[in-house]
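As structure tokens, the structure follows; a few thoughts come after it.
Laboratory data are not the source of any read-out in this text; all were calculated from the coordinates shown. What you see is a predicted model; the values in this text were computed from it and never measured. Heads up, the Cβs are rebuilt from the backbone with ideal geometry, glycines too, and the neighbour counts pull from every protein chain shown.
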Amino acid sequence: MRQDPTNRRRLTLIFRAVIEIAFIVFLYYSNLLMGEFTKTNGRGKSIRFALSDIFTGTNFSIAIVSALVGWAVIEYLRQKLSVPMPARNSERK
């Protein structure tokens, strides 16, 4: 059975949004993990302690909210700054 092209386009946009939001959350948590091992936070911390320290409900909610805001800003800028592609020589009449 053939799939509707508009439905496929919608799924592609949703898939892209999920990937972009997940990447922002990944960057957030990697930044928190790096912060756990800076000189000011002390020596002798284990990776287990650092992970249990950063994976909390509060940090997760901050990560999701900031990822959604970041994604919305990126989408806004993507729409405002997008320039239509010029037609190729073969497509011009």
Report every pair of residues separated by at least 6 positions or lying on different chains whose Cβ atoms are under 6 Å apart, first residue within segment 54-74 and in a helix (DSSP H, G or I), second charged (D, E, K, R). 71/20
Residue 35 vs. criteria more than 17 Å from the chain's Cα centre (by Cα), surrounded by 12 or more Cβ atoms within 10 Å (Cβ to Cβ) and in a helix (DSSP H, G or I): yes
